[in-house]
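Remarks on the structure that follows.
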Amino acid sequence: MTSKQVTAHLSKIPQPHKATLEALRQTILEIIPDAEEVISYGFPGYRLGGKIICGFDAFKNHCSFFPHSSLVIPELETELVNYKTSKGALQFAVDKPLPKALVRKLIKTRMRLLAQSR
């Protein structure tokens, strides 16, 4: 199920950012098809069981993936050496979507950490 709000948000983003984020959107929905698409903190997010799993947005010189946890990126730091990161964001090129395998690891790590915290 796609969100009209997310579609509207993406429609305002210029190319090539838009195509890159649309590819990421499809990847996320393939990995967590039951997720609800929402706008959270002003950017597209994906919620399961009332918890935001991840999100993304475009910026002037990069796109960002947000795992909505300060624990995900440090846990995967060896796999993220080719990306600029902070505790809460992973930056990637405006014209090159994140690899599906990496997105899957980011999401699965977030979901595992959520399950452990319950």
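Here Val38 meets each of (1) closer than 15 Å to Pro67 by Cα; (2) in contact (Cβ under 8 Å) with a residue 60 or more places away in the chain with one exception, condition (2). Scanning the range 80-101 for residues that are under 16 Å from Cys54 (Cβ atoms) and either at pLDDT below 95 or not hydrophobic (A, V, I, L, M, F, W, C) (or both) yields Tyr83, Thr85, Ser86, Lys87, Gly88, Gln91, Pro97, Pro99, Lys100. Residues of the range 2-55 that are open to solvent by less than 50 Å² (accessible area, probe 1.4 Å), polar (S, T, N, Q) and either part of a strand (DSSP E or B) or at pLDDT below 95 (or both): Ser3, Ser40.
State whether the residues of the range 71-89 include one that is part of a strand (DSSP E or B), open to solvent by 60 Å² or more (accessible area, probe 1.4 Å) and either among the β-branched types (Val, Ile, Thr) or under 13 Å from Thr109 (Cα atoms) (or both). For the range 71-89, residues part of a strand (DSSP E or B), open to solvent by 60 Å² or more (accessible area, probe 1.4 Å) and either among the β-branched types (Val, Ile, Thr) or under 13 Å from Thr109 (Cα atoms) (or both): present. The numbered conditions (1) out of contact with any Leu (no Cβ under 9 Å at 6 or more places or on another chain); (2) closer than 23 Å to Lys12 by Cα; (3) open to solvent by 10 Å² or more (accessible area, probe 1.4 Å) are all true for Ala115 except (2).
The values are calculated or read from the model by the stated rules, or taken from the named source; none is laboratory data. Being a predicted model, the structure only gives us computed values, none of them experimental. Positions of Cβ are generated from backbone atoms using ideal geometry, with glycine treated the same way; all protein chains shown enter the neighbour counts. The accessibility values were calculated without ligands, DNA or RNA, using every heavy atom of the protein model including side chains. Shrake-Rupley method; radii C 1.70, N 1.55, O 1.52, S 1.80 Å.
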